[in-house]
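Trainee: Have a look at this one before I ask anything.
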Amino acid sequence: MTQETGGFAAFNLNPNILAAIIATGYEEPSAIQQQSIPIIMAGHDMIGQAQTGTGKTAAFALPILHRIDPAKREPQALILAPTRELALQVATAFETYSKQMPGVTVVAVYGGAPMGPQLKAIRNGAQIVVATPGRLCDHLRRDEKVLATVNHLVLDEADEMLKLGFMDDLEVIFKAMPATRQTVLFSATLPQSIRAIAERHLRDPQHVKIQTKTQTVTAIEQAHLLVHADQKTSAVLSLLEVEDFDALIMFVRTKQATLDLASALEAKGYKAAALNGDIAQNQRERVIDSLKDGRLDIVVATDVAARGLDVPRITHVFNVDMPYDPESYVHRIGRTGRAGREGRALLLVTPRERRMLQVIERVTGQKVAEVRLPDSQAVLDARIKKLTNSLAPLVADAEASHGDLLDRLTADIGCTPRALAAALLRKATNGQALTLAAIEKERPLVPNSAPRGDRPDRSSGDRPDRGDRERRAPMPLAEGRARCRTALGARDGIAAKNLLGAILNEGGLAREAIGRIQVRDSFSLVELPEDGLERLLAKLKDTRVAGKQLKLRRYRED
């Protein structure tokens with residue numbers, strides 16, 4: 001056993017688990033693993049604060065497997081995850097670590113798959129249940145005793161669960177489990193809502209905090225590119241010409257954008273596919289498998305669809321659309337550079353998004369360097385290099401095997417070998433531009449990178465107080481839009497991004513369909529399409545934001 005593997009041996013884990021770790025190729029335990037594994041093995045409740053990409057799945061999976069009794073054919077551990085992608089990833093990790101533990105079974109419980117086989121697997125004695133809160137509550141309605149034997153509970157990415165509106169579901173799940181259980185909570189951030197859950201449901205928890213906002217991204221080379229919004233696709237295609245990548249994930253904000261960009265990439269010959277919430281689960285799994293084994297090289301995804309995606313081949317992340325918050329940015333770029341591997345992340349920034357770039361730099365503690373779009377010469381050199389690499393292996397015996405054919409073709413056509421070679425190159429490159437002048441016409445316009453002048457500071461007397469903000473008139477409505485009102489506001493911990501995310505996810509709208517969102521202290525106003533508004537409001541009837549019902553209604557301004 002190597003010295004590095006000895007780091008895991010020091011935990012005195014079950015030898016079968018240790019053997020699986022060795023087979024997986026893990027070496028030194030990460031910081032979150034070093035601190036969390038002994039606490040969880042000892043049976044203590046714990047709050048772990050760590051970002052994605054730090055190895056937190058193994059931090060709870062290894063000690064929980066150590067405490068599982070394979071002889072008991074009943075659920076013993078429940079891991080809750082905010083999305084099915086993350087649930088599948090966690091379930092796969094448990095299966096990997098328990099490969100050499102006879103009798104241990106793992107079941108993933110998530111929406112979009114038949115309920116019958118899931119419930120059957122639980123009743124047949126799967127010891128590890130990895131579930132999304134919504135689907136697990138569906139099972140509890142069928143069988144309220146389904147969690148009666150669980151004595152280990154893990155909430156993975158708890159802050160994301162609350163953002164997605166699972167607070168009420170979590171309370172139902174807590175009540176369905178033994179009060180004597182061990183509870184472990186992992187979260188990238190610890191807002192008051194998470195602290196309240198800990199106070200109610202954890203017993204004297206020990207705290208582990210990993211400073212990861214810079215650690216998570218230090219292994220990743222970050223850069224940003226200023227570009228006009230309507231030139232993003234052209235910019236992406238130019239960047240792909242010169243970036244040396246193995247596999248790449250691109251993030252956009254809307255489901256439609258995943259389809260549009262994936263289609264544009266396929267048209268240029270890239271092996272690309274979309275990944276969004278409307279794609280059937282079995283198809284999503286095929287996309288991820290194809291990315292892993294090399295049948296695909298690029299996946300264009302929304303944030304929720306890509307959560308939990310861990311593919312070692314991913315060397316690059318393109319943030320084609322700006323994320324809604326810095327935490328999402330860290331999650332996104334964490335798809336590459338994982339477990340110490342190198343990675344590169346590029347962020348496309350429109351002129352209006354410069355302030356958000358500054359926020360990301362402040363939160364992550366790192367400067368995101370500016371790069372320029374590759375010039376025509378760089379694109380030309382990259383294209384010729386790829387052509388050279390594709391032809392070089394064919395040259396060695398080409399004259400011996402095809403020399404006579406060359407002589408015949410030049411004689412039949414009545415041309416020189418140089419003219420014939422040029423014609424074949426034209427066909428091989430499928431009309432691709434290979435001159436500076438032609439490439440120059442393809443390049444998108446890029447906005448001036450010089451920062452705008454500083455805006456004059458407002459004195460405190462210039463700022464309206466809260467009462468003024470509540471009373472001020474709504475902005476004029478754009479044509480074809482209707483204004484709707486919800487009683488949720490800033491005092492409820494609501495931000496515009498929360499309302500936007502909920503409406504996008506539940507309403508099935510494109511981002512462009514939603515107008516201005518104005519969050520006041522005690523209510524919020526949202527502009528939605530007038531066409532089909534009543535159907536949309538009915539669709540959003542049961543939507544929850546930050547654990548509270550949205551209750552969106554048409555706003556009458558009389």
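The values are calculated or read from the model by the stated rules, or taken from the named source; none is laboratory data. Treat the numbers as computed from the prediction; the structure is a model and nothing was measured. A quick note on method: Cβ atoms are made from the backbone with ideal geometry, for glycine too, and the neighbour counts reach across all protein chains shown.
Trainee: Name the residue that is farthest from Ile279 (Cα to Cα), counting only residues in segment 30-86 that are among the charged types (D, E, K, R) and not in a loop (DSSP other than H, G, I, E, B).
Mentor: The selected residue is Arg67.
Trainee: Among (1) crowded, with 19+ Cβ neighbours inside 10 Å; (2) in contact with a helix residue (DSSP H, G or I) (Cβ under 6 Å, 6 or more places away or on another chain); (3) among the hydrophobic types (A, V, I, L, M, F, W, C), which single condition is Met41 missing?
Mentor: That leaves (1) as the condition not met.
Trainee: Report, by residue number, each residue of segment 92-106 that is crowded, with 22+ Cβ neighbours inside 10 Å and of a type in the set (A, V, I, L, M, F, W, C).
Mentor: Within segment 92-106, Phe94, Val106 meet the criteria.
Trainee: With Arg408, Arg383, Arg335 as the choices, which residue is among the charged types (D, E, K, R), at pLDDT 80 or above, closer than 18 Å to Phe245 by Cβ and outside the structural domain of Gly55 (by TED's automatic domain parsing)?
Mentor: Exactly one of Arg408, Arg383, Arg335 is among the charged types (D, E, K, R), at pLDDT 80 or above, closer than 18 Å to Phe245 by Cβ and outside the structural domain of Gly55 (by TED's automatic domain parsing), namely Arg335.
Trainee: How about segment 126-148: which of its residues are within 25 Å of the chain's Cα centre (by Cα) and of a type in the set (A, V, I, L, M, F, W, C)?
Mentor: Those that are within 25 Å of the chain's Cα centre (by Cα) and of a type in the set (A, V, I, L, M, F, W, C): Ile128, Val129, Val130, Ala131, Leu136, Cys137.
Trainee: Here's a follow-up. Out of the residues in segment 155-200 that are modelled with pLDDT under 90, part of a loop (DSSP other than H, G, I, E, B) and not β-branched (Val, Ile, Thr), which is surrounded by the fewest Cβ atoms within 10 Å (Cβ to Cβ)?
Mentor: Per the stated criteria, the residue is Pro191.
Trainee: If you take the residues of segment 496-524 that are over 22 Å from the mean Cα position of the chain (by Cα) and not in a loop (DSSP other than H, G, I, E, B), which of them is surrounded by the fewest Cβ atoms within 10 Å (Cβ to Cβ)?
Mentor: Ile517
Trainee: Before we move on, is Arg485 closer than 24 Å to Leu162 by Cβ and in a strand (DSSP E or B)?
Mentor: Answer is yes for this residue.
Condition check ((1) in a helix (DSSP H, G or I); (2) of a type in the set (Ser, Thr, Tyr); (3) more than 20 Å from Gln89 (Cα to Cα)) across all residues:
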residue	(1), (2), (3)
Val104	no, no, no
Ala108	no, no, no
Ala113	no, no, no
Gly116	yes, no, yes
Gly125	no, no, yes
Val129	no, no, no
Cys137	yes, no, yes
Leu140	yes, no, yes
Leu147	no, no, yes
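Trainee: Would you pick out the residues in segment 375-412 that are acidic (Asp, Glu) and more than 30 Å from Ala235 (Cβ to Cβ)?
Mentor: Asp397, Glu399, Asp404, Asp407, Asp412, listed by residue number.
Trainee: Here's another thing I want to ask about it. In segment 321-332, which residues are modelled with pLDDT of 75 or more and not hydroxyl-bearing (Ser, Thr, Tyr)?
Mentor: Asp321, Met322, Pro323, Val330, His331, Arg332, listed by residue number.
Trainee: Filter segment 272-298 down to residues that are among the small types (Gly, Ala, Ser) and part of a loop (DSSP other than H, G, I, E, B) and give me whichever is nearest to Leu86 (Cα to Cα).
Mentor: Here the answer is Gly277.
Trainee: How about segment 204-252: which strands (runs of 3 or more DSSP E) wholly inside it have at least 1 residues that are surrounded by 21 or more Cβ atoms within 10 Å (Cβ to Cβ), modelled with pLDDT under 90 and in contact with a strand residue (DSSP E or B) (Cβ under 6 Å, 6 or more places away or on another chain)?
Mentor: By residue number, 220-226.
Trainee: While we're here: Look at Gln192 and say whether it is outside the structural domain of Gly501 (by TED's automatic domain parsing) and touching a strand residue (DSSP E or B) at 6+ places or on another chain (Cβ under 6 Å).
Mentor: It is false that Gln192 is outside the structural domain of Gly501 (by TED's automatic domain parsing) and touching a strand residue (DSSP E or B) at 6+ places or on another chain (Cβ under 6 Å).
Trainee: Contact list please: Cβ distance under 9 Å, first residue in segment 111-133 and without any contact (Cβ under 8 Å) to a residue 24 or more places away in the chain, second residue assigned to a loop (DSSP other than H, G, I, E, B), pairs at least six apart or on different chains.
Mentor: Taking only residues 6 or more apart or on different chains, the pairs are Gln118/Tyr110; Ala121/Thr105; Arg123/Asp143; Arg123/Val146.
Trainee: Tell me, yes or no, whether segment 131-144 has at least one residue that is β-branched (Val, Ile, Thr) and out of contact with any Phe, Trp or Tyr (no Cβ under 7 Å at 6 or more places or on another chain).
Mentor: no
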